[in-house]
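The structure appears below as structure tokens.
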Amino acid sequence: MAFPDATGPGGGLPDFGGMDLQGMLGQAMQMQQQMVQAQQELENTIVSGSAGGGLVTAKVTGTGDLVGLEIKPEAADPEDTETLADLVIAAVRDARAASDKLASEKMGPLAGGGMPDLGNLGNLFG
């Protein structure tokens, strides 16, 4: 059994009732490029979080990777390492919250938007 030419008139994408599949594909590719660019920006951006009034400061990338940790000498009490550990955890959490907020601001419009409007394309397969 021979299958009809699936490329439609002119050798392009099939004609699905006047829908601009070429345009939708272009939109999807542009959106993908924007997401990659935003991801690279997040990887190269450093945000900070702190705890104990600045006794401990953590630095993370916009993607949440811990890249630095500063501990002021007065936070390092050898008799109370538990408090220092708590400050480190709190500083890292604060930095991660800043990272998540940055990621949401940069990626939100791209990630939350989903695919471009495909119109009645779903009806063709239903």
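Worth a mention:
- Derived scalar couplings between HN and Hα for region 42-59 equal 5, 5, 9, 9, 10, 10, 10, x, 9, 8, x, x, x, 5, 10, 10, 10, 10 Hz in order, rounded to whole Hz, by the Karplus curve 6.51 cos²θ - 1.76 cosθ + 1.60 (θ = phi - 60°), x for Gly and Pro.
- Along its three principal directions, the equivalent ellipsoid of region 44-98 from the Cα gyration tensor extends over semi-axes of 21, 9, 8 Å, largest first.
- For 29, 107, the sequence from fewest to most other C-beta atoms within 10 Å is 29, 107.
- Two-site label geometry, residue 28 and residue 70: point separation in nm, points 7 Å out along Cα→Cβ: 4.7 nm
- Packing order of peptides 22-28, 60-66, highest average first: 60-66, 22-28 (average count of other Cβ atoms within 10 Å over each peptide's residues).
Read-outs: derived from the displayed coordinates by stated rules, not from any lab. Since we're looking at a predicted model, the values are computed, not measured. All Cβ positions, glycine included, derive from the backbone under ideal geometry; neighbour counts span all protein chains shown.
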